[in-house]
1. Quickly run through region 140-187 and pick out the residues that are surrounded by 11 or more Cβ atoms within 10 Å (Cβ to Cβ), more than 30 Å from residue 17 (Cα to Cα) and modelled with pLDDT of 85 or more.
2. In region 132-142, which residues are part of a strand (DSSP E or B) and within 27 Å of residue 114 (Cα to Cα)?
3. As an exercise: evaluate residue 137 against (1) at pLDDT below 90; (2) in contact with a strand residue (DSSP E or B) (Cβ under 8 Å, 6 or more places away or on another chain) and give the number of the one condition it does not meet.
4. Please specify each residue of region 93-135 satisfying the condition of being more than 30 Å from residue 174 (Cα to Cα) and among the hydrophobic types (A, V, I, L, M, F, W, C).
5. Do we have any residue at all in region 112-134 that's of a type in the set (D, E, K, R) and modelled with pLDDT under 90?
6. Name the residues in region 40-72 that are surrounded by fewer than 17 Cβ atoms within 10 Å (Cβ to Cβ) and either touching a residue at least 24 places away in the same chain (Cβ under 8 Å) or basic (Lys, Arg) (or both), would you?
7. Would region 143-160 turn up any residue that is in a helix (DSSP H, G or I) and either under 30 Å from residue 13 (Cα atoms) or not hydrophobic (A, V, I, L, M, F, W, C) (or both)?
Amino acid sequence: MVELRKLNWFGIASGVAAAVLLLLSIAYAAPWWQLSIAEGLGRVDVSPLDINAQFLGLDVEIPILWYLTLSGKLIMLAAIVALFACSAFPENRYAKNLLGYGYKRPLIMVVVLVVILIILTALVGLILPIKVPFLGGQTTTLTFDGANVSVPISASFTWVFWLAVATAALALLARVYHRRIASLAKA
């Protein structure tokens, strides 16, 4: 029987938020970060669960990215199950191991995404004659046969990214709160 006072409510809230992230990804391919090049010239939508790119109205597909984002979805699903199981039954001996797995995954996804985006935007600036902003807007001037063309580029995090940050924060709180539940069970 589940006792309400022994539930890890932060873990349940984190599991619900992670489930919403996964459902948004499956249903809408909701990005966490967006890059827009001019008006309709190009667009890149990125999250650990989906990556979509368009250039000149055509979809750009890289097969390995599909497999990487599929693994991200499966990892998120496993984290959701782990968070719910350890939060509903925090006194069981496996709860600590499940929590150890479940609380880290949303945090790792957020941190790794930000680090990869910083590295990729810096690399693009080193390799190509354009500057891609990590956040905000930038106008890049390209030269074609002596003609200068100004191309506006903008990048931003979406509300879904902030939901992912809240999910990670709730998961961290679940980890801290689990210690309190464990100490109450011993008393």
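The values are calculated or read from the model by the stated rules, or taken from the named source; none is laboratory data. What you see is a predicted model, and the numbers here were worked out from it, not measured in a lab. Cβ coordinates were reconstructed from backbone atoms using ideal geometry, including for glycine residues, and neighbour counts include every protein chain displayed.
1. 140, 151, 152, 153
2. Initial filter on region 132-142 (part of a strand (DSSP E or B)): 136-142.
Selection gives 136, 137, 138, 139, 140, 141.
3. (1)
4. So the first thing to find is which residues in region 93-135 are more than 30 Å from residue 174 (Cα to Cα), and the list is 119-135.
Correct list: 119, 120, 122, 123, 124, 126, 127, 128, 130, 132, 134, 135.
5. To start, the set of residues in region 112-134 that are of a type in the set (D, E, K, R) comprises 131.
From the residues that got through so far, the ones that are modelled with pLDDT under 90 too are 131.
Yes, because at least one residue in region 112-134 is of a type in the set (D, E, K, R) and modelled with pLDDT under 90.
6. Step one: of region 40-72, the residues surrounded by fewer than 17 Cβ atoms within 10 Å (Cβ to Cβ) are 40-41, 53-68, 70-71.
Matches in region 40-72: 41 only.
7. Taking every residue of region 143-160 in turn, at least one turns out to be in a helix (DSSP H, G or I) and either under 30 Å from residue 13 (Cα atoms) or not hydrophobic (A, V, I, L, M, F, W, C) (or both).
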